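Each remark here refers to the structure printed beneath this line.
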Amino acid sequence: MEKNNKFTIIAGPCAIETKDQFFDTIRHIHNFTDVIRCGVWKARTSPNNFSGQGDKALTWIQQASKKYNTPVAIEVGTKHHVEIALKHNINIFWIGARTTTNPFAIQEIAETVKGLNTEIWIKNPIFPDLELWFGAIERFKRNETQKIKVIHRGFFSEKKSNYRNPPRWDLLKKFQDKYPNIPVICDPSHIAGNRKLVPNTTEKAIKMGIRNLMIEVHNQPQKALSDSKQQLTPLEFIKLIEQLN
Ligand code: PEP
Ligand code: MN
């Protein structure tokens, strides 16, 4: 918590789309961001959707991390993702909500980071089945991952809601009862699904005692190739963070 007094802020674009988009976003927000987040390989529902810039974006991440002296977290879904990211000095990885549900992928990633000093942040599964979340955590624990955190990104619901993924604070509470020592990061962007609801959701998370926040920010959200509606502009993001601090 170097840049923000009360909170650890993790922010950056849903996905790196171009070198310019990435650097322009980070240039605006780095003073307010303890860790940069960005997607390199996007797990998209349809193969026709933008799936990230892949391996070549890792060089840009390495440059940005050095330039702004800020660590970077990325999503990994395979052994290859982990291995090539490590070669680029990236060692904070999050597991996406889709991957948390896949025991083979989790096992493979857990074995790949065994004995390394990496941080692993495990997102809750899309569907409100806590056992899948617990199972992923246990696989990392068995493979001796020391630094585990979780990301609360809300849960799919068939009921009509203002949220893209309703937060289900009751389920988070159940999680915390089982794992009181695992730090929770809240991802209000994927809970809200639209930028207007992000500040409110952030405040609610803080009221629930959460001190780590992961927020999507894009230099031109209207043009974003993924999660366009929920990404904040750098100005909106800075305003939100200033209100929190
Ligand atoms: C993301 O963080 O951009 C993402 C894809 O999130 P989730 O896995 O929670 O859907
Ligand atoms: Mn996203």
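The values are calculated or read from the model by the stated rules, or taken from the named source; none is laboratory data. Predicted model only: the values in this text are computed from it and were never measured. Positions of Cβ are generated from backbone atoms using ideal geometry, with glycine treated the same way; all protein chains shown enter the neighbour counts. These accessible areas exclude ligands, DNA and RNA; they are computed on the full protein's heavy atoms, side chains included. Shrake-Rupley method; radii C 1.70, N 1.55, O 1.52, S 1.80 Å.
Points worth noting:
- For the chain, built as a Gaussian network whose Cα springs stay under 10 Å, the top-fluctuating residue of 206, 29, 92: 206
- A straight chain from residue 108 to residue 56 at 0.36 nm per residue would run longer than the Cα-Cα distance by 16.4 nm.
- Cα gyration tensor shape for the range 1-44, rounded if a/c is under 1.5, else prolate or oblate: oblate
- GluC sites (Glu not before Pro) within the range 116-221: DSSP coil, no more than 10 neighbouring Cβ in 10 Å: 158
- Percent RCO, i.e. relative contact order, over the chain, from Cα pairs under 8 Å lying at least 6 residues apart: 19 percent
- Shape call, the chain: gyration tensor on alpha carbons, a/c limit 1.5: rounded
- Computed from point charges on the beta carbon alone (+1 for Lys and Arg, -1 for Asp and Glu), the dipole magnitude for the chain about its Cα centre is near 320 Debye.
- Size of electric dipole in the range 106-245: Cβ of Lys, Arg +1 and of Asp, Glu -1, about Cα centre, debye, nearest 20: 340 debye
- Listed residue pairs exceeding 32 Å between alpha carbons, taken from 87/196; 56/159; 6/178: 87/196; 56/159
- Taking the accessible area of the range 8-244, probe 1.4 Å, and keeping the other protein chains in place, the carbon and sulfur fraction comes to 48%.
- Across the options 78, 93, 26, the greatest Cα extent toward the positive end of the charge dipole of the range 1-139 (unit charges at beta carbon of Lys, Arg, Asp, Glu) belongs to 26.
- Of the peptides 234-243, 121-130, the ranking by mean beta-carbon count within 10 Å, highest at the top, reads 121-130, 234-243.
- Taking every DSSP bridge with both residues inside the chain, close to 0 percent are antiparallel.
- The residues of the range 14-140 present an accessible area of 44 Å² per residue when probed at 1.4 Å with all protein chains retained.
- Remark: the range 135-150, residue by residue, has Karplus-estimated 3J(HN,Hα) of x, 5, 4, 4, 5, 5, 4, 4, 9, 6, 5, 8, 9, 10, 10, 10 Hz, where x stands for each Gly or Pro and the curve is 6.51 cos²θ - 1.76 cosθ + 1.60 at θ = phi - 60°.
- Think of the range 8-244 as a dipole: +1 on every Lys or Arg Cβ, -1 on every Asp or Glu Cβ, centred on the Cα centre; then among 106, 58, 215, 215 lies furthest on the positive end.
- Cross-link partners of residue 174 among lysines (Cα-Cα below 20 Å; sequence separation of 8 or more within a chain): 123, 141, 149, 204, 207
- Amide H contacts under 5 Å for residue 94: 74, 75, 76, 121, restricted to partners 5 or more places along the chain or on a different chain, H placed in the peptide plane at 1.01 Å from N.
- Of all aspartates and glutamates in the structure, the ones whose alpha carbon falls short of 17 Å from that of residue 3, not counting any fewer than 8 places away in one chain, are 34, 242.
- Efficiency of FRET from Cβ geometry, residue 229 and residue 19, R₀ 30 Å, rounded to 0.05: 0.80
- Phi-based couplings in Hz for the range 10-17 (Karplus 6.51, -1.76, 1.60; Gly and Pro marked x): 10, 8, x, x, 3, 9, 7, 9
- Counting heavy atoms of the protein chains alone, residue 24 has an accessible area of about 40 Å² for a 1.4 Å probe.
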